[in-house]
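> Got a structure for you, questions after.
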Amino acid sequence: MNKNDPGQGKRIPVVEKIFNANELLALDNRKQLDAAGVVGINLMASPGAGKTSLIEHTIWSLSNKYRLAVVDGDVATSIDADRAAAAGATAIQINTGGECHLDAVMLRNALEQLDLNDIDLLLVENVGNLICPASFKLGTHKSVLIASIPEGDDKPYKYPGMYQDVDALVINKTDLLPYISFDMDYFRRGVEILSPNLVTFPLSCRTKEGIDEWLNWLDKVVSNR
Ligand SMILES: Nc1nc2c(ncn2[C@@H]2O[C@H](COP(=O)(O)OP(=O)(O)OP(=O)(O)O)[C@@H](O)[C@H]2O)c(=O)[nH]1
Ligand SMILES: [Mg+2]
C-alpha cells in the first residue's frame, strides 16, 4: 500500500464495478425495449447544441407515423420535457440533481413510468455534456451526437470520447456558418480519425435545411426494427 495515498490500489476496481453494474442494467433496459418493439435513441451533445430543438422537429414530422415518447435528462427543471410534450409526445423529465449524465438506472426509472407497448420510438435527451454521457450506456439501440457550429470546429479533437462509438452525427446550426469561423473540412477530418465513415447530417433546426435527411435515417432505423 502507498502510505501517502492509502487505498490507491482499490480505486479502479470500484469504478469498474460501477460501470459493470450500469452495463448489466443497460442490457436489461434493452431487453425491455426489444420485448415491446420500441426503438431507443440516445441523443447526446453539449449544452445548447440543439437536442430539444431536433426532438421537437422529429415529433412534428414523425408523430403521424410513429408513437413517440421522450425522456429528458437535465440537472434541473422540466423545461425540455414541457417542450417535448407541447410538441405532441409523451414526455418524462429526469432531474439528475447534479449528475452530468443519464445512466441506466435513471432510464429504468423512466421506463417504469411509460407504457412501452404504446410506443414505437423513444428519444432520450441526455444531459448537455461532452464528456460523461459517453461512459454510461443506457440500453438504447442507437447513439446520436449533435454537434453545433458555434461550439467550434476543434471539438472532435478535444472531446474524442464523445465522437467515438456513436451511430450518427448531426451537425446543427448550419445557418450560422456565414457568421462564425468554422472550418468544416478540419472538423470532418477530426471526426474521420475517430469514427471513419460515420454518417453525418449537417442541418439547421432554424431553417429546416437538411432536416429531411435526418428524418429519413431515423425513419429507416424505426421501420427496420
Ligand atoms: N441559429 C440556430 N439556433 C438554433 C438552432 N437549433 C437550436 N437553436 C437555438 O439554440 C438554443 C438551444 O437549443 P436547444 O434545443 O434548447 O438546445 P439543447 O441542446 O436542448 O440545450 P440543453 O438541453 O440546455 O443542453 C435555442 O435558443 C435554440 O433556439 C439552429 O439550427 N440554428
Ligand atoms: Mg434540451
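What follows draws every value from the coordinates through simple rules; no lab data is involved. On a predicted model such as this, the values are computed, not experimentally measured, just so you know. Neighbour counts run over all protein chains shown; Cβ positions are idealised from the backbone, glycine included.
> Checking the a/c ratio against 1.5 first, then a/b against b/c, what shape does the Cα gyration tensor give for the chain?
Because a/c hits 1.5 or more and a/b fails to exceed b/c, the chain counts as oblate.
> Ignoring everything except DSSP H segments at least 4 long, calculate the 222 nm mean residue ellipticity for the chain; use -39,500 (n - 2.57) per segment, divide by total residues, nearest 500.
Values: 8 runs with 87 residues, N = 225.
Helix-only estimate at 222 nm: -11500 deg cm²/dmol.
> Would you work out the charge dipole size for the chain about its Cα centre, treating the Cβ of every Lys and Arg as +1 and the Cβ of every Asp and Glu as -1, and quote it to the nearest 20 debye? Walk me through the intermediate numbers first.
Working: 22 positive and 30 negative charges, 91 e Å.
In total the dipole reaches around 440 debye.
> What is the calculated FRET efficiency for Ala76 to Asn216, with r their C-beta to C-beta distance and R₀ = 35 Å, to the nearest 0.05?
0.50
> Suppose every Lys and Arg Cβ carries +1 and every Asp and Glu Cβ carries -1, with no other charges. What dipole size does the range 78-125 come out with about its Cα centre, to the nearest 20 debye?
Dipole size: approximately 80 debye.
> Rounded to the nearest 5, what % of DSSP beta bridges with both residues in the chain are antiparallel?
0
> Take the cross-link list Lys65/Lys208; Lys65/Lys220; Lys51/Lys137; Lys31/Lys65 and give me the ones stretching past 22 Å between alpha-carbons. Before the final figure, lay out the partial values.
Details: Lys65/Lys208 19 Å; Lys65/Lys220 12 Å; Lys51/Lys137 18 Å; Lys31/Lys65 24 Å.
Beyond 22 Å: Lys31/Lys65.
> Here's another thing I want to ask about it. The range 32-89 to the range 170-207: how many Å between their Cα centroids?
Using only Cα atoms to place each centre, the spacing works out to 22 Å.
> Quick one: grab the alpha carbon gyration tensor of the range 80-175, order the square roots of its eigenvalues as a ≥ b ≥ c, and give me rounded if a/c is under 1.5, else prolate or oblate depending on whether a/b is larger than b/c. Please list the in-between numbers first.
Details: a/c = 1.91, a/b = 1.54, b/c = 1.24.
Prolate.
> If I stretch the segment between Asp175 and Ser63 completely, what's the gain in nm (0.36 nm per residue apart, minus their alpha carbon distance), one decimal?
37.8 nm
> Let me ask you something else. Which cysteines does the chain leave without a neighbouring Cys Cβ under 4.7 Å?
Taking the Cβ cut-off of 4.7 Å, the unpaired cysteines of the chain are Cys205.
> Mind telling me which of Thr52, Thr96, Thr207 comes out most flexible in a GNM of the chain, alpha-carbon contacts under 10 Å?
Answer for the Gaussian network model of the chain: Thr207.
> Please say if the range 152-215 is rounded, prolate or oblate, where rounded means a/c under 1.5 for a ≥ b ≥ c the square roots of the C-alpha gyration tensor eigenvalues, and otherwise the choice is prolate for a/b larger than b/c and oblate otherwise?
oblate
> Using modelled amide H (1.01 Å from N, peptide plane; none on Pro or chain starts), what sits under 5 Å from the amide H of Gly40, excluding residues fewer than 5 places away?
Amide H neighbours of Gly40: Leu122, His141, Lys142.
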